1. From the list Leu347, Leu309, Leu333, Leu340, which residue is more than 29 Å from Val214 (Cα to Cα), crowded, with 23+ Cβ neighbours inside 10 Å and out of contact with any helix residue (DSSP H, G or I) (no Cβ under 7 Å at 6 or more places or on another chain)?
2. From the residues in region 204-217 that are on the phi < 0 side of the Ramachandran plot and part of a loop (DSSP other than H, G, I, E, B), which one is surrounded by the fewest Cβ atoms within 10 Å (Cβ to Cβ)?
3. Could you list all residues from region 125-163 that are among the acidic types (Asp, Glu) and farther than 30 Å from Gly111 by Cα?
4. With the structure loaded, tell me whether Arg297 is surrounded by 15 or more Cβ atoms within 10 Å (Cβ to Cβ) and either under 19 Å from Ser223 (Cα atoms) or of a type in the set (D, E, K, R) (or both) or whether it fails that test.
5. Within region 332-349, is there a residue that is within 15 Å of the chain's Cα centre (by Cα), in the same structural domain as Gly128 (by TED's automatic domain parsing), within 30 Å of Lys263 (Cα to Cα) and at pLDDT 95 or above?
6. Restricting to region 239-268, count the residues that are over 16 Å from the mean Cα position of the chain (by Cα) and in a strand (DSSP E or B).
7. I need a count of the residues in region 167-213 that are touching a Ser or Thr at 6+ places or on another chain (Cβ under 6 Å) and free of Cβ contacts under 8 Å to residues at least 60 places away in the same chain.
8. Condition first: in contact (Cβ under 8 Å) with a residue 40 or more places away in the chain and among the basic types (Lys, Arg). Can you find one or more residues in region 87-94 that meet it?
Amino acid sequence: MLDPKVIRENPNKVKQNILERGLSGPQFDVDGFLRVDEKRKIVNQELEALRSVRNKLSDTVGKPSEEVITKVRETKESIKALEEALKELNAKWTWYMDWFPNMADPSAPVGKNETSNKEVKAWSPGSGYFKEAQLGNKDFSEKWMPRHQFHTKDHLELGESLDIIDIKQSALVSGSRFVYLKKEAALLQYALFEHLQQKLLSEGFTPMVVPLMVKRRALHSSSHFPGDEDQVYKIAKNGIEDSEDMFLVGSSEPSLFAYYMDKTLQPNALPQKFFAFTPCFRTEVGSWGKDVRGIKRVHQFDKLEMDLLCAPEDSEKLHDYLLSINEWFLQSLGLPYHILLMCTGDLGYFAAAKKYDFEAWLPHQNEFIELGSDTNAKDYQARRYNTKFKDQAGNLHYVHTVNDTGCAIGRTLVAVLENYQQADGSVVIPKALVPYMHGIEIISPNS
């Protein structure tokens with residue numbers, strides 16, 4: 001949630017931010033919010049005055065006169081009417097606040113869509129980091145990315161020829177956009193997880209096992225609701241003890257941050273660093289026709305999410321810290337990649353103030369594939385989660401939240417298969433993953 005003071009004190013900046021994020025509609029009407037906010041303030045003041053009058057009248061000693069009785073009745077009726085008016089104003093006020101996005105960080109390029117995203121880094125195993133002249137907007141660095149010198153296959157053709165990916169049977173079982181991973185592909189999934197987990201444990205992260213079904217507040221607080229509600233699977237209430245709606249998570253982020261919901265952390269408790277490896281579920285509404293081949297965009301996938309809570313002055317530094325772990329992971333796998341600083345119109349969900357996307361190179365398809373995002377939400381999510389900390393003087397502040405994909409297993413598997421394929425149709429296992437592959441160093445049709 002955006003700090004209401006920011007809207008009251010800087011309405012024009014908030015309007016400009018909404019415009020630069022490409023948002024429009026009555027729910028983004030800043031002037032409308034300010035009118036409701038002012039009226040809400042006036043009604044609250046009137047209510048307080050009437051309640052004070054009622055209390056004084058109720059304190060009358062002895063039998064009240066007819067005049068006092070009439071005054072008490074009229075005051076109660078006025079209070080009831082104002083309470084109803086305030087209820088409506090509060091609902092309208094909350095509606096606006098639900099939709100107002102976070103203020104984009106000044107470093108975010110101003111732009112309408114992905115064409116304005118700025119490449120800040122690119123790396124390949126043979127060349128290391130690219131020079132600044134090799135970077136630009138969107139996919140400028142692709143011309144210097146490595147290519148195979150033989151006829152290549154995409155990940156699905158490779159997976160089917162090696163008998164490690166089966167989408168035909170999963171279509172019979174579950175419909176489109178599901179997958180069976182088998183044999184070495186299944187082992188690779190757990191190897192990717194274990195490789196990154198070992199790094200995070202060495203960095204002092206706390207491992208977590210989290211709920212995959214959550215109530216509305218968890219997704220509202222993370223800001224996946226209301227903007228992305230159509231991307232989330234809602235659970236039928238049959239057999240659920242609680243009457244509240246339940247939803248399948250599209251990321252462990254809502255569950256991880258909700259662990260600290262309505263909590264106040266003590267001095268010196270920050271930062272809190274934690275991660276979870278979970279199945280994730282998304283409807284992918286609006287993505288029909290995009291990445292429909294293979295397992296690049298599916299309804300169920302596994303992901304290791306790494307998140308943290310920190311003091312406001314540390315969030316920028318720790319945002320970059322999580323990105324450095326992303327880079328370590330990709331470089332340890334030998335995957336060519338680039339890092340994008342996302343523009344204002346492509347920041348995604350409302351909580352994002354600053355976001356990096358990291359994308360791996362796919363030599364067969366001659367394009368990048370998004371593997372994940374690294375997002376600084378500042379205090380936007382913490383205000384909804386009501387997560388605070390005490391400073392050394394005992395003053396309360398909202399924490400900042402930083403979240404990072406870590407590893408979207410399926411998409412990383414796609415990148416490994418396409419980059420490590422050989423001319424004979426086999427796939428070499430990246431050296432960093434061999435210790436977790438039970439002696440397997442190469443996947444071949446005859447293995």
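The values are calculated or read from the model by the stated rules, or taken from the named source; none is laboratory data. In this text the structure is predicted, and so the values were computed from the model without any measurement. Positions of Cβ are backbone-derived with ideal geometry, glycine not excepted, and every protein chain shown enters the neighbour counts.
1. Working: Leu347 fails: more than 29 Å from Val214 (Cα to Cα); Leu309 fails: more than 29 Å from Val214 (Cα to Cα); Leu333 fails: out of contact with any helix residue (DSSP H, G or I) (no Cβ under 7 Å at 6 or more places or on another chain).
None of the others qualify; the one that does is Leu340.
2. From region 204-217, those on the phi < 0 side of the Ramachandran plot are 205-217; that's our starting set.
Imposing the further condition that a residue be part of a loop (DSSP other than H, G, I, E, B) reduces the set to 205, 209-212.
Values: Phe205: 19, Val209: 10, Val210: 18, Pro211: 15, Leu212: 15.
Among those that are on the phi < 0 side of the Ramachandran plot and part of a loop (DSSP other than H, G, I, E, B), it is Val209.
3. Scanning region 125-163 gives Asp154, Glu157, Glu160, Asp163.
4. yes
5. yes
6. So the count comes out to 3.
7. The total comes to 2.
8. yes
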